[in-house]
Amino acid sequence: MALEFLHRQPVKIRFGSGSIKKLGEEIKTLGAVRCLVVCDRFLKATVEAMQGEIPEIAAVFSDVEENPQLSGVIEATKLAQKTQVDAIVGIGGGSTMDTAKFTAAIARENADALACFKGECPFPKTRFPMIAVPTTAGTGSEVTQVSVISHGREKKTINNPVFMPTLAIIDPALTLTVPPRTTMNTGLDAMAHALEGYWSKNHQPISDLTAIEAVRLVLENLETAYRDGSNLKARENMSLAALLGGMSFALPKTAGSHACSYPLSEDYHLPHGEACAFTLDSFVRINADERLETLCRRVGLSGTDELADRIKALKKLAGLKMTLSDLGEVDMDKLCRDAAKHPLMGNNPVPMDESALRRMFEALQ
Ligand SMILES: [Zn+2]
């Protein structure tokens, strides 16, 4: 088959320890003068302290929840209107990025958040510039056009170019204080993004290259970052792995492990990274083929079995949930049904119906 692909990476990326200091300068470069910073309550004091040095920070919205709700977007939008800002900055993990992206998309034209969420009206044509400053190494949200937002019990993964950040400031020093378990969860999320982008039915050559390097960086640095959070070199390499992981799935999208992660998060309350990691080594074995063997050899592994074993060992090291009994009482019918019907399951290179998923889960004893 002839080689054909379309690649696009529109985000300006500034990477380096201490690069957060460039935030004020970068806001001005975007032509903005007043920005709203979106963060969670744990970062509120840090961001407010930054206001002394960066006068462009005009307002702070710090009520981002773990599973971000549309109500948070509506509140942040109101604050953006009231304080007359002209740019949105998200400083935090995945939930913060999701809220900041949605807010930047609707606040400039004060669009109806619920109507946009439900798809009853298109997102406005103009939006505020958006700067993504990740404080964990995993989501890759700084280079993707995805926002995951809930309205009550309805959780939606919306994929829309309107959510693509204008600029990513990746400062690995911001991840030095991330606790070990979160370091492992988010690091394995980065690994899942890279592997799933690589084996997605929509994989393409440039994303393949970022995927291979992201897998190599995670294998060589995640254990060190987990054991010694203050190791800046390991943190730098994990921030780079997360960025490259994000670039690996931004266009091809993820596949089976992410499809399974949604019911595992919703019904069994696993954090996103842990939910993806739960089935990642199973999918390495299921999706094993010549391409995946090539990736393994290029990152210095003997083959797909070793890759699966390494992922399993990382989960075990951090005490992540690994077996069905770790989940408690499992409604197997619902778990397999919800995972099978998730649109991302269609990207998996090996077709997985409910009975194939049941065999995979039942092997996790
Ligand atoms: Zn993910």
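At a glance:
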read-out	value
Verdict on A115 being farther than 26 Å from A241 by Cβ, modelled with pLDDT of 95 or more and outside any strand (DSSP E or B)	yes
Residue that is farthest from the chain's Cα centre (by Cα), among those in the range 58-88 that are farther than 29 Å from P271 by Cα and crowded, with 23+ Cβ neighbours inside 10 Å	V85
Some residue of the range 278-286 being outside the structural domain of G94 (by TED's automatic domain parsing) and more than 23 Å from the chain's Cα centre (by Cα)	yes
Residue selected from the range 251-277 under the condition of a type in the set (S, T, Y) and at pLDDT 95 or above, by the criterion surrounded by the fewest Cβ atoms within 10 Å (Cβ to Cβ)	Y268
Yes/no for D63 being within 30 Å of K201 (Cβ to Cβ) and either in a helix (DSSP H, G or I) or in contact (Cβ under 8 Å) with a residue 12 or more places away in the chain (or both)	no
In the range 326-365, the residues that are at pLDDT 95 or above, exposed (fewer than 12 other Cβ atoms within 10 Å of the Cβ) and among the polar types (S, T, N, Q)	S355
Filter pass, R14 being in contact (Cβ under 8 Å) with a residue 12 or more places away in the chain, surrounded by fewer than 16 Cβ atoms within 10 Å (Cβ to Cβ) and within 23 Å of the chain's Cα centre (by Cα)	no
Unique match (being of a type outside the set (K, R) and either within 16 Å of the ligand (Cβ to nearest atom) or not assigned by TED's automatic domain parsing to the domain that holds I27 (or both)) among S147, S71	S147
Matching residues, the range 329-347, being touching a residue at least 60 places away in the same chain (Cβ under 8 Å) and among the charged types (D, E, K, R)	D331, K334, D338
Residue match in the range 286-307 (condition: crowded, with 21+ Cβ neighbours inside 10 Å, without any contact (Cβ under 8 Å) to a residue 12 or more places away in the chain and either away from the ligand (no atom under 13 Å from the Cβ) or farther than 22 Å from G140 by Cα (or both))	yes
Long-range neighbours under 8 Å by Cβ, at least six apart or interchain, first residue more than 16 Å from the ligand (Cβ to nearest atom) within the range 120-139, second among the basic types (K, R)	P124/R108; T126/R108; R127/R108; F128/R108; M130/K101
Selected residue (criterion: farthest from the chain's Cα centre (by Cα)) from residues of the range 229-247 that are within 15 Å of the ligand (Cβ to nearest atom) and among the small types (G, A, S)	A241
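A quick yes/no check of all residues on (1) touching a strand residue (DSSP E or B) at 6+ places or on another chain (Cβ under 8 Å); (2) more than 15 Å from the ligand (Cβ to nearest atom); (3) at pLDDT 95 or above; (4) under 20 Å from V11 (Cβ atoms):
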position	(1), (2), (3), (4)
V178	no, yes, yes, no
A190	no, no, yes, yes
E213	no, yes, yes, yes
N221	no, yes, yes, no
R227	no, yes, yes, no
F249	no, no, yes, yes
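So that you can scan it fast, the table gives a plain yes or no per residue for (1) assigned to a loop (DSSP other than H, G, I, E, B); (2) small (G, A, S); (3) touching a Pro at 6+ places or on another chain (Cβ under 9 Å):
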position	(1), (2), (3)
F128	yes, no, no
I149	no, no, yes
I158	no, no, no
I169	no, no, yes
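The values are calculated or read from the model by the stated rules, or taken from the named source; none is laboratory data. Since we're looking at a predicted model, the values are computed, not measured. Quick reminder, even Gly has a Cβ in these numbers, built from the backbone with ideal geometry, and neighbours come from all protein chains shown.
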